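These notes are about the structure you will find just below.
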Amino acid sequence: MLKEWSSAYRIGIAEIDEQHQRFFDAAHRLYEAIFELKGKEAVAEVVAFMREYAELHFRTEEAFMRRHAYPGLSAHIKEHAAFFQRLEELEQDLVMIGPSQELANRALDITQDWLIDHIADEDVLYALHVKAGSPSTGGTVTPLVR
Ligand SMILES: [Fe+2]
């Protein structure tokens, strides 16, 4: 199910929150292109955009965690790698089988729904770590609603 971005998904770090929202948009574009059974090229384009945006976002997060000596960095990097693995599997199926409602739902599951869970389970942890370490940064961690 398509979900609207919500301020409940914020972790209180402006740059990351903004990227999460754009990640969400990319996930919706991916879903729509597959759901609307767009042509091969159009679908390949949205998959590529999703991948590029995820790369940019994960790079930002990983650099941020490194900068703040976050102890959960390597486990977090594995989560990011697993995302690309699933995206690649989806891409292969799109090429082999072609777009379908089932693949559109899977796309949403591995992007939009994955992100919501990933924020709640993983991203809040580094946000808490950073805030605990530097109270001067201010801001609060918003409780997450799924
Ligand atoms: Fe992350």
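Each Lys or Arg adds one and each Asp or Glu takes one away; over the other residues whose Cβ falls under 14 Å from the Cβ of Ala27, this sums to -1. Across segment 43-48, coupling constants 3J(HN,Hα) worked out from phi with the 6.51/-1.76/1.60 Karplus curve, θ = phi - 60°, read 5, 4, 5, 6, 5, 4 Hz, and Gly and Pro carry x.
Stokes-Einstein, applied to the Kirkwood radius of the chain over Cα pairs at a viscosity of 1.306 mPa s and 10 °C, places its translational diffusion at 100 µm² s⁻¹. How charged is the neighbourhood of Trp5? Take every other residue with its Cβ under 11 Å from the Cβ of Trp5, and add Lys/Arg as +1 and Asp/Glu as -1. With Lys, Arg at +1 and Asp, Glu at -1, the net is -1. Note that segment 7-137 presents 52 Å² accessible area per residue, ligands and nucleic acids not counted, probe 1.4 Å.
Share of the chain's accessible area from carbon and sulfur, percent, 1.4 Å? Solvent-exposed carbon and sulfur of the chain make up 53 percent of the total.
For the chain, the longest piece that avoids every one of the GluC sites (Glu not before Pro) found in DSSP loops with at most 15 other C-beta atoms within 10 Å covers 37-146. Looking at segment 11-118, which trypsin sites (Lys or Arg not before Pro) are DSSP coil and have at most 15 other C-beta atoms within 10 Å of their C-beta? Filter output for segment 11-118: Lys38.
With the simple spin-label model, which puts each label point 7 Å out from Cα in the Cβ direction, the Lys3 to Ala132 separation comes to 2.5 nm.
The values are calculated or read from the model by the stated rules, or taken from the named source; none is laboratory data. Note that the structure is predicted; figures quoted are calculated from it, not measured. Please note: Cβ atoms are built from the backbone with ideal geometry, for glycine as well, and neighbour counts cover all protein chains shown. For the accessible areas, the whole protein counts, side chains as well, though only heavy atoms, and no ligand, DNA or RNA atoms are used. Shrake-Rupley method; radii C 1.70, N 1.55, O 1.52, S 1.80 Å.
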